[in-house]
1. Confirm whether G284 is under 18 Å from F197 (Cβ atoms) and of a type outside the set (S, T, Y).
2. Return the pair list, or none, for Cβ contacts closer than 6 Å from residues in region 252-272 that are in contact (Cβ under 8 Å) with a residue 24 or more places away in the chain and among the hydroxyl-bearing types (S, T, Y) to residues that are surrounded by fewer than 14 Cβ atoms within 10 Å (Cβ to Cβ) and assigned to a strand (DSSP E or B), at least 6 apart or on different chains.
3. Which residues, taken from region 325-366, are among the hydroxyl-bearing types (S, T, Y) and either in contact with a Phe, Trp or Tyr (Cβ under 9 Å, 6 or more places away or on another chain) or farther than 17 Å from G198 by Cα (or both)?
4. Looking at (1) among the hydroxyl-bearing types (S, T, Y); (2) assigned to a strand (DSSP E or B); (3) surrounded by fewer than 21 Cβ atoms within 10 Å (Cβ to Cβ), which one does T315 not meet, given that it meets all the others?
5. Please determine, by comparing only the residues of region 83-106 that are part of a strand (DSSP E or B) and charged (D, E, K, R), which one is surrounded by the fewest Cβ atoms within 10 Å (Cβ to Cβ).
6. For region 130-148, how many residues are out of contact with any Leu (no Cβ under 8 Å at 6 or more places or on another chain) and closer than 17 Å to Y210 by Cα?
7. Would you mind stating whether P304 is within 17 Å of G322 (Cα to Cα) and part of a loop (DSSP other than H, G, I, E, B)?
8. Go through region 136-163 and count every residue that is on the phi > 0 side of the Ramachandran plot and in a strand (DSSP E or B).
Amino acid sequence: MKFASAKLLPLLFCLLLITRLQAAEEPKLSQLPVPLSNNAVAISHDEGGPRIFSFMGIGPKKTWDAVTTSTYEMDPSTGKWTEKRPVPGVAGRLAASAVALHDQVFIFGGYVLDAQAGETTVPDLNVFVPAENRYYRGQDIPVPVHDAVVGLYRDRYIFLIGGWSTAKNAAVRNVQIYDTDKDVWMQGTPIPGTPVFGHAGAIIGDTIVYVDGAYKNPSPAGPKFFASNECWAGEIPTSKRKKKVDITKIEWSRLPPHPGNARFRIAAGAGPLDKKAGVIYFSGGTDIPYDYNGIGYDGKPAEPSPITFALDYLTGEWETFGEDTPEPTMDHRGLLVTHRGLVIVGGMEKGQQVTAKVTVIPGIGK
């Protein structure tokens with residue numbers, strides 16, 4: 001290893017000082033205007049600079065009438081939220097998934113909660129255009145799901161992996177692929193393991209990664225659902241010598257267990273990918289599958305895990321970043337990787353309390 005020369009040291013000191021001053025000048029990210037949990041989140045990186053979005057979710061009462069259609073947008077350069085046009089529909093939704101692509105945000109599925117009818121998964125694909133504060137409808141999801149893993153591939157295709165469908169009264173194995181250019185759906189190779197919902201993951205490079213979630217108890221005795229400890233990677237075919245390939249033919253393989261217990265509704269998101277970097281981060285969640293109110297299907301209150309961990313895309317190895325993450329949360333639909341660190345928007349804190357906090361886990365995700 002070569003050390004910097006004496007002539008370079010003053011320059012390096014100045015650069016470090018400038019970087020620290022720039023970080024100090026960045027405004028604090030404000031709390032959400034209202035407490036929200038199980039809200040769909042996304043971050044865009046268009047020409048106007050990054051924007052953070054929160055769609056729908058459930059409020060502090062944690063009842064069917066506390067589910068909202070609200071949309072909020074934050075400009076990180078000011079740290080302030082702006083309320084936008086609500087997501088279309090007669091009712092708000094829980095457990096939807098969102099992905100930002102260029103100047104649009106795609107919002108998939110979720111379920112409507114009704115006092116009499118219970119949960120109903122919806123097939124809706126709503127596309128939000130922030131610059132015009134309007135939505136348009138995309139092609140419905142072929143198999144409606146909620147609590148699915150979502151990932152963006154090659155700035156065109158959005159993968160919707162697994163999830164629960166009330167139409168089938170089951171977690172599904174479907175890998176549904178939406179072509180944003182053509183507004184059409186394709187079906188990919190199904191997930192090979194136990195069908196789950198409330199799992200967590202992302203796409204990074206040509207690889208799908210998902211972990212954990214909940215699966216249905218096959219026995220009539222005991223809790224309705226258990227936490228899964230399965231971790232999977234799916235390789236998406238890539239083009240070779242300009243030959244066209246079928247991206248629906250996914251090759252699945254099992255990953256070793258991640259640090260900590262199996263968990264439900266972890267916050268997860270992919271880090272920047274270049275020739276030397278690429279990480280999927282996971283934080284929070286709980287080891288007790290639960291209903292929308294935070295009470296487990298076994299009748300026990302669920303509590304968030306303080307563990308934050310990651311999978312390195314290049315080495316395939318798990319790494320624990322912290323076993324005592326301050327103010328941990330659960331009930332998430334995503335995690336946002338920014339230059340400040342990992343950003344978690346809303347969720348449930350200890351005691352199943354819905355929060356408006358925007359938590360930044362610094363020092364990683366850069």
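Read-outs throughout are calculated quantities, based only on the coordinates presented, and are distinct from any laboratory measurement. All figures in this text were calculated on a predicted structure; none of them were measured in a lab. All Cβ positions, glycine included, derive from the backbone under ideal geometry; neighbour counts span all protein chains shown.
1. yes
2. No pair meets every condition.
3. Passing the criteria: T325, T338, T355, T359.
4. Exception for T315: condition (2).
5. Within region 83-106, the match that is surrounded by the fewest Cβ atoms within 10 Å (Cβ to Cβ) is E83.
6. 1
7. yes
8. 0
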